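Working notes, beginning with the structure itself.
The values are calculated or read from the model by the stated rules, or taken from the named source; none is laboratory data. None of these values were measured; they are calculated from a predicted model. Note that we place each Cβ from the backbone using ideal geometry, even for glycine, and neighbour counts take in every protein chain shown. Ligands, DNA and RNA are stripped out before the accessible areas are found, and what is left, the full protein with its side chains, is counted by its heavy atoms. Shrake-Rupley method; radii C 1.70, N 1.55, O 1.52, S 1.80 Å.
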Amino acid sequence: MTAALPRQAASPEEPQRPPETPGHKAKRRALTLLIIVLLIGVPAGYLVISAAQSRNSGKDKESKYSATGLSEGWPSKVQRRLYQVPVPHPADRIAYYETNNWKTSRLYVQFRTNTAGLDSFLEGMGVNRDALEKDDISISSRDQKITGWKFSGPGTWSGLTHKQKNPAPTQDVVVNTADPNYPMIYVVSRTVP
């Protein structure tokens with residue numbers, strides 16, 4: 001049997017606490033519940049939001065890399081820099097497609113711009129308008145088949161092949177100047193990894 005410990009008497013100088021009222025007890029319990037909810041709910045909510053964003057990001061990447069033809073929109077800055085395809089501003093009707101394998105990587109880009117944009121694009125590649133040869137379809141039939149481009153319709157076609165020493169890319173360019181104020185440009189830039 002254990003001996004009971006003596007209780008220490010309350011100090012006479014210490015004020016007596018009034019007994020807890022039901023209202024005070026309810027406030028204390030509500031505050032405790034709020035703290036628990038914040039400590040558990042906020043991190044749990046963050047995890048749910050983060051997981052949803054991660055899943056969506058994966059779906060976006062999956063659709064991007066499973067594309068089997070031209071996708072509307074701008075190629076990324078990294079792609080434009082790597083393949084040296086300086087899409088000018090202003091430009092519209094922009095679409096691109098990238099293929100990679102162990103031998104060659106290619107970036108296919110199409111866009112429409114104005115005459116100053118065409119000059120800016122060619123200058124950014126390191127050539128000028130004089131390099132374009134009338135009726136030269138420099139993009140191969142293989143590359144046309146991959147993208148669905150057909151250069152047999154109406155239009156004034158000119159093209160060029162801008163060869164560069166590896167690892168710099170080689171670009172095949174076809175320009176349709178059916179509307180001389182707004183030429184349509186098609187580019188295949190290929191590089192050997």
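Overview of values
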read-out	value
Every residue from the stretch 88-104 that is under 19 Å from the mean Cα position of the chain (by Cα) and in contact (Cβ under 8 Å) with a residue 60 or more places away in the chain	R93, N100
The lone exception for F151 - which of (1) closer than 22 Å to P88 by Cβ; (2) modelled with pLDDT of 90 or more it fails	(2)
Selected residue (only one of V85, V173 is buried (at least 17 other Cβ atoms within 10 Å of the Cβ), in a strand (DSSP E or B) and touching a residue at least 40 places away in the same chain (Cβ under 8 Å))	V173
Subset of the stretch 88-105 [at pLDDT 90 or above, closer than 25 Å to P193 by Cβ and open to solvent by 50 Å² or more (accessible area, probe 1.4 Å)]	E98
Odd one out for A116, checked against (1) within 30 Å of the chain's Cα centre (by Cα); (2) open to solvent by less than 50 Å² (accessible area, probe 1.4 Å)	(2)
Tabulated pairs, the stretch 130-156, first open to solvent by less than 90 Å² (accessible area, probe 1.4 Å), second part of a loop (DSSP other than H, G, I, E, B) and among the acidic types (D, E), C-beta under 9 angstrom, 6+ apart or interchain	G155/D179; T156/D135
Qualifying positions in the stretch 69-90 - within 17 Å of W149 (Cβ to Cβ) and touching a helix residue (DSSP H, G or I) at 6+ places or on another chain (Cβ under 9 Å)	G69, L70, S71, V85, V87
Considering residues of the stretch 49-80 that are part of a helix (DSSP H, G or I) and at pLDDT 85 or above only, the residue surrounded by the most Cβ atoms within 10 Å (Cβ to Cβ)	R80
